[in-house]
Every structure is written in C-alpha cells, then in structure tokens.
Amino acid sequence: MTMDAVAILIEWGPYLLGGIALTLGLVLSALAIGFILGLPLALGQVYGPPVLRSLISVYVWFFRGLPVLVLLFLFYFGLFPALGLDFPAFVIGAVVLGLRGAAYQSQIFRGGIQSVSSGQMTAALSLGMTPLIAIQCIILPQALRISLPGWSNEYPEILTDSAVCYAIGVAELLTRASQIVSQTYVTMPVYLACAFLFIALNYAGMYVIRRTEEHFAIPGFGANTVQP
Amino acid sequence: MTEKFILRLEDIHKNFGDREVLHGISFTVKKGETIVFIGPSGTGKSTLLRCINQLTTPDRGRVFLDDEEITGCGQRISQYRQRIGMVFQNFNLFDHLTAIENVEIAPIKVRGMDRKAARAKAMEELRRVGMADWADHYPAELSGGQAQRVSIARCLAMDPEVILFDEPTSALDPELTREVLEVMKELARSGMTMLVVTHEMGFARSVATEVIFMEGGSIIEQGPPAEVMNNPKHPRTREFIGKIDHH
C-alpha cells in the first residue's frame, strides 16, 4: 500500500466509519421488523385456520422467491411511489430487508414451534391454561430457544444483504466506499477497508448472539442436546 | 338425587376414523374414591381419561363434574380443567422450567396467584411428594420417578377435585415405579379422588375402591377389587387377571 492510500484512508476514514451507523441501522431495523412479523406469521402458520395458513405461505413464497435487489426496486420505484409515500431510501431499504427477513424468520420459528413435543401443550391445557397462555408461557419459551441457532444465521445474512441498499443510495458502508473511490481513484484499499468493516460487524454481532444463546441455555434442553 | 357424585359419565362414545374406541361408557365416581381401570392395551382406557377433561372430544355422551355438564361447554373447559388434574405416562414436565417453576406456573398464570404465595405453595407440594430437595433442577436432570412425582405436585398445586392418572408408571422401572406408587397411595389415603389407568395389579388390589375392567371400548366388569380381581365373573376378566398376575 502506498503512502497515498494510507493518507486517503486517514482522511476519509471518519466518513467511511460513519457508514457503520447506517449499515447497523438497516440491519437492526430489518431484524426487528423480521422478528415482529415473523413470529406471528409462524404462529399463524402452525395454529391458524387453513385460509390464513395459505395466505402466509404465499407471503413467504413471494419474499423468498425474488432477489433482494428486485424486491428493493419494486418497492423503491413501484410500491412506495404508487402509495404516495415519500420515504427516505433508508426506510424503504429497512422495510424491504425486514419484510424479506420476516419470511425467513417465520420459517425458523415455525420449525421451532413444531419441534416442541405435543405433550407440552397437552399438559398445559390439562392444567387449565387457555391455548393462548399455553403458547405464551410454555410453547414459545421453548420454541424460541430451539430457534436461536437457526435464527443466528439471519444476522450475517441481513448484514451482507444490506449492501444492496447501495442501489437506492442509502449512505451505508458500500455506498460510502464507492463515493470515496470515485473521489480519490484509490480502489482496492478503500474496498478492503469496507470489507474489513463488514467482517468486524459480523464478528461482533455473532459474539452477541452466542452470548445470548449461552444466557438462555437450559440443562438438557436445546439444539446441542438430544431431547428426551 | 340421593347420592352426590363428583364425576359422572353417561354413554361416552368415541371413534377414531372408522375404529370405535369407546363404545358407550358410563360410570360414576364419589368423592374420595380411587377407581382403577385395567384391561389389555388399546382398549380405550387412556382415551376415556382424555374424554373426561375433553383433551379428546367424545363423539357422543356427557360428562358431569359436580353435576355441571362439562361436555360441549366451549371455552369454559379451561375452568373445569383447573379442577381436574392429569398425570401422564411421559410426565410432560415443562422442559424449560425447573421443578418448582413447573409446579408454580399454573397457579400464577391460570389462577393469578401472586408469585410469593405460589412459590410457597409449590414448595409445599414438592415436599408432599418428597421432591423439595430437587426444586431447582430441570426436568432433564431428574430420574423418571422424580419427574413423575414433580408432575403429581404440579397437579396438586391447582387443588384439583379429581386427578386422572394415565399409566403413570408405565415408563418406569420397578424401583422408580414403587416410589411413584407410594406417593399415589398416600394421596388416596388423604382422600383425593383418583381415576387411575394402570397395569399395577398390586396397586389396584390395595388402593382401589373400585376396579373397572375394560376391553374393546366397553366396561366388561366392575366392582370392589376383591370381587373383580379375586373372583371375576366374566371369563374375559378371569383370563386377563390370570395372565397379568403371573409376572
């Protein structure tokens, strides 16, 4: 690396680092939207009436069936303007990643719910719990623990996907890196710095998720043990 | 009505597909009685218990708890289930909760008991089944016998009027079976009303107030254990008792 490149990285570093806020903003909002929608979708698919189950299947099929970039353009150039909504690109990016994440998360949670043994629900009902209380107090705490390892894929998935928001001009890491490149004509050092920041964010996030898994671990229960 | 029944079943029918599992079962239970159901596997004994608390909906027939009909009561069934405990062959303890949390969760979430009172009550019930020292252990850390005793405590914490035992010792070896049967005997002695599906003939003989022999979804013979087990009238009962008593 030439001294030139180092000087440029030092000069533009703060601007590039500023992209972390937007990238993380996209990722965390998308994860939150995905969770808030994905869990009810999963519950609907397991416990809901047939009509609801089919509607959810269509939703999942749609959002998992299209490339992220295609979804992003459909929403950015099509749906939002058609609805007369003039939202910042950041919001549209977070919504698209979130809705898509919800489709994936719903299937992770559905698997978790369905792998709780049926005797748990039977026992809960036999004690006089309503189905709602049983789901809330007995089924979900177990299903979420079972889901956590699978769910931890969502973070790196959405983190890497978030770079497509470059295409609609959200000033996240990749967008900023490209801007720096076009200003300075220094290419690889800048993109390497960008790549390094993605990897660092990935590592930090996975660390948090692993600690969360440990925190909620229960003896003899969960993904790393055979269930009785 | 001359006599008061805590539980009354009238003509319960149940089919699974075109297989008839229960074929018109009727009987009554008085407070403090221990009814033991015996009979070959697959004769509908477990289905019958599940028809009582409506975990399985009977196709026909009625179930009364304290003269209130609980069949076809819709959402209110969860209120009746609070008064009817159930103990399962596979324990079905809540795997994500410790022993004491298993026992206190229904009083807290169903009855709205405050946490402190529920914990005290749960501890008392664990003590009653000899599991107080294991309060903070998770189900996976308990032996089958211990888990079953916790599940009995979980029932007791709701102060049920009747407890249904669905083959409570079938998943246990003889030694663990004994510790669970001891707890059940103690319960029967304390006046709990119990309906027990079991293959433990010794338990039936010594604890039952009435033994009901079922086969093919029907009650073949019923009466005091001395009668049904020592001097069965029906040839099928005689054959069954003869077979099972010899091991």
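Nothing in this text is a laboratory measurement; each read-out follows from the coordinates by a stated rule. The shown structure was predicted, so the numbers you read here are calculated from the model rather than taken from an experiment. Positions of Cβ are generated from backbone atoms using ideal geometry, with glycine treated the same way; all protein chains shown enter the neighbour counts.
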Kirkwood Rh and Cα Rg combined as Rg/Rh, the stretch A:5-132: 1.16
Residue with peak Gaussian network fluctuation, chain A [Cα springs, cutoff 10 Å], from A:ALA195, A:ALA163, A:ALA204: A:ALA204
Most mobile listed residue (A:GLY84, A:GLY48, A:GLY111) in chain A, GNM with C-alpha springs under 10 Å: A:GLY84
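Give me a single rounded figure for A:131-140: the average over its residues of other chain Cβ atoms within 10 Å of their Cβ.
What the average comes to for A:131-140 is 3.
Could you tell me which chymotrypsin sites (Phe, Trp or Tyr not before Pro) in the stretch A:90-189 are loop residues by DSSP with no more than 10 other beta carbons within 10 angstrom of their beta carbon?
A:TYR185
Over all distinct alpha-carbon pairs, what is the Kirkwood Rh of the stretch B:118-216 in angstrom?
14.1
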Listed residues B:ILE212, B:ILE108, B:ILE163, most fluctuating in chain B (Gaussian network, C-alpha, under 10 Å): B:ILE108
With 5 Å bins from 0: P(r) over the stretch B:27-151, alpha-carbon pairs, percent: 2, 9, 16, 18, 17, 17, 13, 6, 1, 0
Projected label distance in nm at B:GLU227 and B:HIS13, using a 7 Å step from Cα toward the beta-carbon: 2.8
Distance in nm between pseudo-label sites at B:ASP114 and B:ARG127 (7 Å out along the Cβ direction from Cα): 2.1
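I'd like to compare B:90-101, A:134-145: which one has the highest average count of other Cβ atoms within 10 Å, and what's the full order after that?
B:90-101, A:134-145
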Unit charges on C-beta of K, R, D, E only; dipole of the stretch A:3-216, Debye: 600
Between the stretch A:52-67 and the stretch B:203-247, the alpha-carbon center distance in angstrom: 57
Shape box of the stretch B:165-247 [Cα atoms, principal axes, largest first, Å]: 33, 27, 23
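Return the average number of partner chain Cβ atoms within 10 angstrom of each residue Cβ along peptide B:78-86.
4
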Percentage, to the nearest whole number, of Cα pairs in chain B over 31 Å apart: 23
Segment B:GLU20-B:ARG62, length gained on full extension (0.36 nm per residue, minus Cα span): 13.4 nm
Nitroxide proxy distance, nm - points 7 Å out along Cα→Cβ at B:HIS234 and B:LYS30: 2.3
Charge-dipole axis of the stretch B:7-245 as Lys and Arg at +1 and Asp and Glu at -1 on Cβ define it, positive-most pick from B:LEU7, B:ALA204, B:VAL21: B:LEU7
Dimensionless Rg over Rh [the stretch A:3-216; C-alpha; Kirkwood]: 1.08
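Given a cut-off of 25 Å, name the pairs among B:LYS121/B:LYS185; B:LYS31/B:LYS116; B:LYS45/B:LYS243; B:LYS14/B:LYS109 whose C-alpha atoms lie farther apart than that in the structure shown.
Working: B:LYS121/B:LYS185 21 Å; B:LYS31/B:LYS116 31 Å; B:LYS45/B:LYS243 19 Å; B:LYS14/B:LYS109 32 Å.
From B:LYS121/B:LYS185; B:LYS31/B:LYS116; B:LYS45/B:LYS243; B:LYS14/B:LYS109, over 25 Å: B:LYS31/B:LYS116; B:LYS14/B:LYS109.
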Over the protein assembly as shown: Kirkwood hydrodynamic radius from C-alpha pairwise inverse distances, Å: 26.3
Binned Cα-Cα distance frequencies in the stretch A:103-228 - 5 Å width, integer %: 2, 9, 14, 15, 13, 11, 8, 8, 7, 6, 4, 2, 1, 0, 0
Size of electric dipole in the protein assembly as shown: Cβ of Lys, Arg +1 and of Asp, Glu -1, about Cα centre, debye, nearest 20: 480
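With the Cα gyration tensor of the stretch B:77-118 in hand, convert its eigenvalues to equivalent ellipsoid semi-axes via √(5λ) and list them largest first in whole Å. List each step's numbers first, then the result.
Numbers: eigenvalues 62, 54, 10 Å².
One finds semi-axes of 18, 16, 7 Å for the stretch B:77-118.
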